[in-house]
Amino acid sequence: MTYTVGFRKRSNVAVLTTEVPTANHALAVIATVEQSVGKLDFIRSPQEGDISIEMLRLLAKEEAKGMSQTPI
């Protein structure tokens, strides 16, 4: 499932977005954004619509479980 992360630079009102392929990637982008670039504005997925950071963390855990159970 893909996720779109929207954020604002500290000195700008425009919302910038980036699309990532997994919840874990989205969490990494959010951590980077909050530390260096600006403020998280929204998280969206095609299946869930707008979601919270807490929901994203739960989805990331589910993804990790699914990947560990996938046979190679």
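Results, tabulated for the structure shown:
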{"item": "Table column - 3J(HN,Hα) (Hz), region 21-28, Karplus curve with 6.51, -1.76, 1.60, x for Gly and Pro", "result": "x, 9, 5, 5, 5, 4, 4, 5"}
{"item": "Amide H contacts under 5 Å for Asp41, placed H, 5+ residues apart", "result": "Gly6, Phe7, Arg8"}
{"item": "Dipole magnitude (debye, nearest 20) for region 27-72, charges at Cβ of Lys, Arg, Asp, Glu", "result": "120"}
{"item": "MRE, 222 nm, helices only [DSSP H, n ≥ 4, -39500 (n - 2.57), over the chain, to nearest 500]", "result": "-12000 deg cm²/dmol"}
{"item": "Trypsin sites (Lys or Arg not before Pro) within the chain, DSSP loop, no more than 12 other Cβ atoms inside 10 Å", "result": "Arg10"}
{"item": "Straight-distance crosslink candidates among lysines, where the alpha carbon sits under 28 Å from Lys9 and sequence neighbours closer than 8 are dropped", "result": "Lys39"}
{"item": "For region 3-72, with +1 on Lys and Arg beta carbons and -1 on Asp and Glu, the positive-most of Val29, Gln47, Tyr3 along the dipole", "result": "Val29"}
{"item": "For region 1-56: accessible area per residue (Å², 1.4 Å)", "result": "60"}
{"item": "Alpha-carbon gyration tensor eigenvalues x 5, square-rooted, for the chain, Å", "result": "25, 12, 9"}
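The values are calculated or read from the model by the stated rules, or taken from the named source; none is laboratory data. Note that this is a predicted model, so its numbers are computed, not measured. Because the Cβ atoms are built from the backbone with ideal geometry, glycine has one as well, and the counts that use them run over all protein chains shown. In case anyone asks, the SASA skips ligands and DNA or RNA and just uses the protein heavy atoms, side chains included. Shrake-Rupley method; radii C 1.70, N 1.55, O 1.52, S 1.80 Å.
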